[in-house]
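FYI, it's all coordinate maths here, none of it is from the lab. Remember, it's a predicted structure, so these values are computed and weren't measured experimentally. Note that each Cβ is placed from the backbone with ideal geometry, even for glycine, and that neighbours are counted across all protein chains shown.
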Amino acid sequence: MPQTDAHPRPRARTIEKPHVVVFCAALTTQQMKPGKFTHAIAVLLSSISSLFAHGAASKAEPAKTKFSKKSEKAADDRVLDVSSLAFTPGQFAANRTAPGQRYPWKTNIVTTTFWIGEKPSGNNPVPNRVSSWDKEWTKNYGGMDDPDPARRSNYIPVKFTPGLNPFYCALPYNDKAREGHRPEAPRVVPWFKEGYQGPAVSTCKDRWIAIRKGNRTAYAQWEDAGPFRTDHWQYVFGNERPKPNLNQGAGLDVSPAVRDYLGLKPTDVTDWRFVDFKEVPRGPWSTHGENNTFVINDRTKGKALVERVGTIAH
């Protein structure tokens, strides 16, 4: 990722008026009669006013930013006068993290729909019978996740109840190598250390993301690597944009359930970001799937409750 050298801001000089300093000293060392004290206060206020007027009248030299050779600018270290740049309100707000959020939004990402069991086609040369992390993906899901709205109800296929969360997605990175993990994975995957479960287990699979379109936000689990690429960590975890591809530079694939919840077109534009599970609210994404964190937690709580009731009964 391109980086620019950091330059500390120049500190503003403090301008002191000699008679103001002398006056302040006089206040602390002498006792004044009421009339003289009132006059002195007036002199002090006048001095302060002239001090600020002086600062406003003398125009400060515009701050300048110097780009390093590592930046995308020319390597001749040109100086940019940032005082001449104009930015519209909220131009950078979309990519900032709000209080309590760990990850920023990635905005205006071309988004396409894919589904478990999808057969290869012109713009999708790789079938989705298996995923990057599940060789029995279609079988474990329960069959093809039919995208036809006429054959879907309540965000799932009408023919069967999915064995995995129907709210799933794909991003163009796979942390797994043939053996162990890719060499950069421990460095670039933000939660690698906390999510590590051994060399055979992906730290990315089942991770939750938020996907936003307009005023609606869906939540999905990361279940495959794509579209088209499996190595673009600079985009998935960094600040790069998706690379050009056959699907208009798509950087996110979403399931039919996500499509239906957000009302997406076959090719659309959304914003997305990673979320910690504690940020995910209950919704249609919390009801189905053996891999679903909600289902797993509810089952664990239910088992604990049964055991507690059994202990009390005895």
Discussion item. Tell me the volume per residue, in Å³, of the convex hull enclosing the alpha carbons of region 230-308.
Written reply: 140
Worksheet item: Per the Debye formula with a single identical scatterer at each Cα and no solvent contribution, what log10 I(q)/I(0) holds for region 111-226 at q = 0.13, 0.15, 0.19, 0.23 Å⁻¹?
Response: -0.57, -0.75, -1.11, -1.40
Worksheet entry | Convex hull per residue volume in Å³, alpha carbons only, for region 173-314 | 143
Worksheet entry | Listed peptides 264-271, 277-284 by packing density, highest first (mean Cβ within 10 Å) | 264-271, 277-284
Worksheet, complete the sentence: If amide H atoms are modeled at 1.01 Å from N in the peptide plane, then the residues at a separation of 5 or more from LYS176, or on another chain, having amide H under 5 Å from its own are ARG182
Discussion item. Using only the alpha-carbon atoms of region 159-209 as identical scatterers, what base-10 log of I(q)/I(0) does the Debye formula give at q = 0.20, 0.25 Å⁻¹?
Written reply: -0.74, -1.00
Discussion item. Return the equivalent ellipsoid semi-axes of region 179-230 as a descending list in whole Å, where each equals the square root of 5 times an eigenvalue of the C-alpha gyration tensor.
Written reply: 25, 13, 10
Worksheet item: Assigning unit charges at the beta carbon (Lys, Arg +1; Asp, Glu -1) and nothing else, what dipole magnitude in debye, to the nearest 20, does region 167-214 show about its Cα centre?
Response: 180
Worksheet item: Computed FRET efficiency, Cβ-Cβ of PHE192 and ALA150, R0 30 Å: what is it to the nearest 0.05?
Response: 0.10
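Quick check on my link table: of LYS119/LYS193; LYS135/LYS159; LYS106/LYS265; LYS176/LYS243, which ones sit more than 25 Å apart, alpha carbon to alpha carbon?
LYS119/LYS193
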Worksheet, complete the sentence: Spelling it out for ASN245: with amide H atoms placed in the peptide plane at 1.01 Å from N, the residues 5 or more places away or on another chain with amide H under 5 Å from its amide H are ALA250
